[in-house]
Structure formats: C-alpha cells, structure tokens
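Here the structure is laid out as structure tokens; the discussion comes afterwards.
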Amino acid sequence: MEKLNFPPSTISLKNKENKPYIFDPIRKKWLLCTPEEWVRIHCINYLIDFLACPASWVRIENEIRVYQTLKRIDILVVHPKKGNLILVECKAPSVKIDQKVFDQIARYNLEVKSKYMMLTNGLNHYFCKMDDQNKRYSFIETLPKFNEI
C-alpha cells in the first residue's frame, strides 16, 4: 500500500487468501484493505494517537439521510456531552480532493452538524471549522487536540 501523509502509527495487516486485510480498531474486525480503507484506518489512528480522541467517541460508516437518500459517513467523532465534533470524509489516494468532495461533506454536515470537518485522501488533508451562525465553514491549519475542544 501507498505511504500516506499521517504521523507514524501501528497498523495491523495480514494476508488472507492472497488478499490484504487491515484491522479496524473501532469495529474490532479485519477488513479487506482497499485504498479508501487504508486511508480511513490511518485517519482513525491520527485522531486517536495524535489528537488524543477517545476511541469510544469514534463512529464508523454511520448512515444518515441526505435529501431523502441514505448515505454512509466515513468517520464521525461524537462527544458524549457536546455532540458531533468532527465529520471526516476519506477518499482513496488516487482521488483528488476537489469542490465536488467539499460539496459532499458540506451536504452531509447539514444533517450531522459537526463543529469540524476533515477531508483526506491520505496524501492531502483539509480541515474546516463550522461557523454555525453564518452557515459556512472556514479552513483551519489543523484540527485541535481533544483537550482543547
């Protein structure tokens, strides 16, 4: 798999029937290691190991309804008292993060109403903070550590 632009972390891999599998520490199971899953697991480790997010706050592939259509969000960090903190959209490294991807996460966040958004293809990361009053987002350098939120 491709080297990604995340801080170093421990990733568990194995081969099964000549296919690569990666361990998801949140769902506690082995998953086929697709390029997007590779990015998602690295992103989960970034949230937990680097930003000190409690693993129990991380939700993976929750379903939401957007304009009468069911969608799955990649990662949602939910604080037990403060609600939805971070909505993350993960793409494969070969997928360019463009306006279409920003529009996708913005639509999802109309339902989720998280305070922060992160878009990543593992190579490029974009972070946004929501301005609820003006219903728009502004770009920020990085996400705050969880003890600062």
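The values are calculated or read from the model by the stated rules, or taken from the named source; none is laboratory data. Treat the numbers as computed from the prediction; the structure is a model and nothing was measured. Methodologically, a virtual Cβ is constructed for each residue, glycine included, from the backbone with ideal geometry; neighbour enumeration extends over all protein chains shown.
For PHE50, the conditions (1) closer than 24 Å to LEU31 by Cβ; (2) among the aromatic types (Phe, Trp, Tyr); (3) out of contact with any Ser or Thr (no Cβ under 9 Å at 6 or more places or on another chain) are fulfilled apart from (3). Taking the conditions (1) within 23 Å of LYS96 (Cβ to Cβ); (2) surrounded by 17 or more Cβ atoms within 10 Å (Cβ to Cβ) in turn, THR34 satisfies each one other than (2). Within segment 2-19, residues that are surrounded by 11 or more Cβ atoms within 10 Å (Cβ to Cβ) have Cβ atoms under 6 Å from residues that are charged (D, E, K, R) in these pairs: SER9/ASP49, counting only partners at least 6 apart in sequence or on another chain. Of all residues in segment 45-74, those being of a type in the set (D, E, K, R) and closer than 18 Å to PRO8 by Cβ number 1. If you check VAL101, VAL88, VAL78 for being closer than 18 Å to LEU4 by Cβ, touching a Leu at 6+ places or on another chain (Cβ under 9 Å) and not in a helix (DSSP H, G or I), only one passes: VAL88.
Output the residues belonging to segment 48-71 that are at pLDDT 90 or above and under 12 Å from the mean Cα position of the chain (by Cα).
Scanning segment 48-71 gives ILE48, VAL58, ARG59, ILE60.
On inspection, ASN45 qualifies as surrounded by 11 or more Cβ atoms within 10 Å (Cβ to Cβ), under 21 Å from LYS145 (Cβ atoms), touching a Ser or Thr at 6+ places or on another chain (Cβ under 8 Å) and modelled with pLDDT of 95 or more. Please determine, by comparing only the residues of segment 104-132 that are among the aromatic types (Phe, Trp, Tyr) and part of a strand (DSSP E or B), which one is nearest to ASN62 (Cα to Cα). So the residue we want is TYR116. Taking segment 88-106, which residues are of a type in the set (Lys, Arg) and surrounded by 15 or more Cβ atoms within 10 Å (Cβ to Cβ)? If the condition is that a residue be of a type in the set (Lys, Arg) and surrounded by 15 or more Cβ atoms within 10 Å (Cβ to Cβ), then LYS91 is the only one that fits.
So, of the residues in segment 2-49 that are among the polar types (S, T, N, Q) and part of a loop (DSSP other than H, G, I, E, B), which turns out to be nearest to SER94 (Cα to Cα)? My answer is THR34.
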